[in-house]
Amino acid sequence: MNLSRDDIPALAFSALLLGLAAMLPLTGSSYWMGIGLSIAMFTVLSTSWALFSGPTHYISLATAAFFGLGTYTVGLGFESLPFWLLIIIAAAIGAALAGIVGLATLRLSGVYFVIFTLGLAELVRQLTTWVQNLTGQRGFYVLTDIGETEIYLMLVGLAALVFLTGWLIGRSRLGFALRIIGDDEEVARHSGINTARAKVLLFMVSGLVAAATGAILAPRYVYIEPSLAFSPILSFQVVIMALLGGPGRLWGPLVGVIPFTFLWEAISSSFPNQTTLVLGIAFLVIVYALPRGFVGLIEDGRHRLRAREGYA
Amino acid sequence: MKRRSVLRLGAAALAAPAIIPGRAFANDPIRIGAVAPKTGPLAGGAAVSHWPNIALWSSQVNERGGLNVGGTMRPVEIIEYDDQTNPGETIRAVERLANQDNVDFILAPYGTGLNIAAAPLMDRFGYPQITSTCITDQVVDLSGQFSNMFFLLGGATGLAEGIVSVLAGMRDAGQIGGNVAMVNVADAFGIELAAAGRPALEAAGFNLVYDSSYPLGTQDLSPVMRGAKDAAPDAFIGFSYPPDTFGLTEQAQIEELEVGAFYTAVGASFPAYAGRFGPAVNNILGAGGVNATSEAFQAYAAAHTEVAGQAPDFWASAMMYASLQILEAAIETVGADREAVSAHLKETTFDTVNGPVTFDEHNNNPEYWTVGQWQDGLFRGVASTGREGAVDAVVKDGWT
């Protein structure tokens with residue numbers, strides 16, 4: 001593999017940031033661990049979402065389906081299998097479902113795809129409930145010693161893998177193909193790119209990561225039931241955070257997740273009676289004020305800086 | 001703010017010290033955190049059974065000057081958060097209450113899933129968690145893992161066996177026959193109750209002539225009710241949630257389901273249920289119950305209506321209030337020391353609106369109401385696992 005001159009400092013800088021993130025448990029504050037955990041979870045989900053949706057412009061609302069499958073995998077197998085194995089199984093199930101769904105639906109475009117992915121979470125949830133109802137299976141209890149520090153570190157590790165994957169894809173022929181698909185799918189097909197294969201592969205990556213995240217978080221929720229595991233709001237949160245950051249860059253969702261988590265926290269603690277209302281207003285303001293997300297803001301700033309230097 | 005309300009506030013501020021002379025304002029309040037749904041799927045239930053009790057209790061305590069902690073009267077200050085019916089938010093709110101707000105106590109959240117999600121953190125920070133809406137058959141495992149978690153409302157098996165025993169009693173008295181139609185909402189709680197109800201019905205010698213389920217959120221329940229009616233049952237059991245509790249009852253009325261016993265689960269004890277169906281509600285059976293004619297409950301219901309502007313329900317409301325009474329008594333006895341309060345909870349009998357409560361070795365309240373029945377405008381307990389004041393179940397006669 002060829003690393004260019006710019007790559008080495010960028011990789012070193014990323015490694016340093018991840019290292020710093022992994023030190024958070026040393027602060028010993030459970031409150032900051034909670035916020036860190038939320039940031040890590042949404043960083044993983046939004047970044048993996050943007051790996052697929054960023055270049056292809058296909059908006060997927062299926063995150064909750066994969067996430068819920070992951071938590072259920074742990075709930076089901078928790079008594080009989082080791083936790084690390086369950087995370088891998090969850091990831092495999094997530095990838096397999098994304099593959100099947102992708103093959104069936106990625107020929108759909110635009111709003112049809114959005115609607116289908118939204119329905120997918122509900123479909124998986126109803127299927128799960130149906131199976132539980134047939135078997136008389138009760139809610140699952142995941143009672144463990146796995147605490148938030150372990151969960152947090154696993155999520156940071158997963159984030160590192162997601163960033164590495166994204167970086168590698170960006171440099172590969174696959175990444176190039178995806179950018180062309182995003183610009184004009186017709187052109188891509190005529191250039192001999194197997195568009196279906198490229199899209200399905202990336203959709204599988206985001207499904208895999210979301211399922212693994214759900215599996216990792218299962219011990220935190222302790223009690224697994226369909227209405228909680230497949231909560232549709234998760235899918236929307238992921239999309240909003242990624243869009244707030246800017247899905248066009250690998251680090252884009254991250255700069256959306258961090259301010260959004262603090263905003264969410266501030267709203268939840270300051271407006272306990274109007275949380276949902278204030279959040280809705282915040283969404284509107286974000287969409288109007290920052291149509292290209294924080295990435296757009298940062299890049300405009302850079303351009304202005306450069307322009308000024310040019311005149312000087 | 002309008003000028004008039006500013007003036008009124010100012011006047012109130014001036015008048016307050018005069019009204020309550022001798023009240024020690026310098027005393028630190030006891031800070032109590034509360035997290036439960038104000039939005040999301042469980043917000044409706046929490047607005048009936050959970051939040052009004054917190055408002056009632058805190059106003060009652062502060063009206064009499066506060067909690068007596070070691071001779072000092074300390075008012076209570078409630079810090080509320082909305083968890084949006086999302087366990088992740090419940091967890092975050094508990095972290096915020098424990099670490100940022102540094103509250104002295106945290107009230108147990110609302111509902112089974114949200115309570116269990118909060119349990120690991122409540123346990124780690126050492127907060128006693130006196131649950132009043134956490135219905136689970138896993139009490140032994142949960143209290144084994146979280147030694148400060150307490151359970152008031154009972155388990156699914158107890159509730160399901162309760163209605164079966166009531167039906168058996170009516171059958172043995174020759175009031176109804178042995179054919180039962182059972183339906184359940186295909187969601188966690190409905191599934192649990194149905195799974196416990198099937199073997200109990202069989203063991204009691206009932207003939208299950210119709211056994212079906214419907215997904216949560218089903219709007220049209222007429223096929224379910226028609227199916228049940230075609231099986232010509234003597235008794236109908238619906239292990240249902242609030243929206244479909246209302247839906248099933250409405251369909252039974254439309255189809256004129258002729259049964260001697262009609263039971264729906266969660267929501268049948270809500271005053272709004274009686275309000276919706278009027279006289280037709282008479283002799284409907286439902287999950288839960290209270291000793292509705294007892295002096296303690298009557299006084300509680302009157303105070304609840306006055307402070308919250310709405311009547312309490314006839315099941316979880318009173319249990320939620322009981323959990324606050326228990327917390328209050330424990331703090332007044334051993335002080336605002338969480339560890340001491342937890343220890344005290346395990347060894348004392350508490351006097352509550354539901355009668356005396358003693359937790360067993362698994363932090364469980366073994367004596368709870370399982371079945372109630374609407375009789376002359378009150379939802380009265382007809383079966384329990386050891387509560388006083390049960391009345392006999394009455395045969396349902398028609399829908400008018």
Residue that is open to solvent by 70 Å² or more (accessible area, probe 1.4 Å), within 14 Å of chain B (Cβ to nearest Cβ) and either part of a helix (DSSP H, G or I) or touching a Phe, Trp or Tyr at 6+ places or on another chain (Cβ under 8 Å) (or both), where the choices are A:W84, A:W130
A:W130
Flag if B:P215 is modelled with pLDDT under 90, within 14 Å of another protein chain (Cβ to nearest Cβ), open to solvent by 60 Å² or more (accessible area, probe 1.4 Å) and within 20 Å of A:V131 (Cα to Cα)
yes
Those residues of the range B:133-154 which are assigned to a loop (DSSP other than H, G, I, E, B), within 12 Å of chain A (Cβ to nearest Cβ) and open to solvent by less than 10 Å² (accessible area, probe 1.4 Å) amount to B:C134, B:T136
For the range B:253-267, does any single residue satisfy the condition of being open to solvent by 50 Å² or more (accessible area, probe 1.4 Å) and in a helix (DSSP H, G or I)?
yes
Looking at B:I130, B:I176, B:I163, which is the one that is more than 11 Å from chain A (Cβ to nearest Cβ) and open to solvent by less than 10 Å² (accessible area, probe 1.4 Å)?
B:I163
Hits in the range B:365-389 - residues which are touching a residue at least 24 places away in the same chain (Cβ under 8 Å) and either part of a loop (DSSP other than H, G, I, E, B) or open to solvent by 30 Å² or more (accessible area, probe 1.4 Å) (or both):
B:N365, B:Y368, B:D376, B:G377, B:L378, B:R380, B:S384, B:T385, B:R387, B:E388, B:G389
Helices (runs of 4 or more DSSP H) contained entirely in the range A:251-312, each with at least 2 residues that are open to solvent by less than 90 Å² (accessible area, probe 1.4 Å) and among the aromatic types (F, W, Y)
A:252-270
Answer with yes or no whether B:G398 is open to solvent by 10 Å² or more (accessible area, probe 1.4 Å), in the same structural domain as B:A265 (by TED's automatic domain parsing) and farther than 25 Å from B:T136 by Cβ.
no
Quick check on my filter: what residues within the range B:282-296 are open to solvent by 10 Å² or more (accessible area, probe 1.4 Å) and not polar (S, T, N, Q)?
B:E295, B:A296
Would you mind telling me which numbered condition in (1) more than 23 Å from the chain's Cα centre (by Cα); (2) part of a helix (DSSP H, G or I); (3) free of Cβ contacts under 8 Å to residues at least 40 places away in the same chain B:F246 fails?
(1)
Counting just the residues of the range B:199-212 that are part of a loop (DSSP other than H, G, I, E, B) and among the small types (G, A, S), which one comes out surrounded by the most Cβ atoms within 10 Å (Cβ to Cβ)?
B:A204
Exactly one condition in (1) outside any helix (DSSP H, G or I); (2) open to solvent by less than 10 Å² (accessible area, probe 1.4 Å); (3) out of contact with any Leu (no Cβ under 7 Å at 6 or more places or on another chain) is not met by B:H362; state its number.
(2)
For the range A:204-234, the count of residues that are surrounded by 24 or more Cβ atoms within 10 Å (Cβ to Cβ) and over 30 Å from B:Q138 (Cβ atoms) equals 4
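The values are calculated or read from the model by the stated rules, or taken from the named source; none is laboratory data. Here the structure is a predicted model, which is why all the values come from computation and not from measurement. Don't worry about glycine lacking a Cβ; one is built from the backbone with ideal geometry, like all the others, and counts go over all protein chains shown. Side chains included, ligands, DNA and RNA excluded: accessible areas come from the protein's heavy atoms. Shrake-Rupley method; radii C 1.70, N 1.55, O 1.52, S 1.80 Å.
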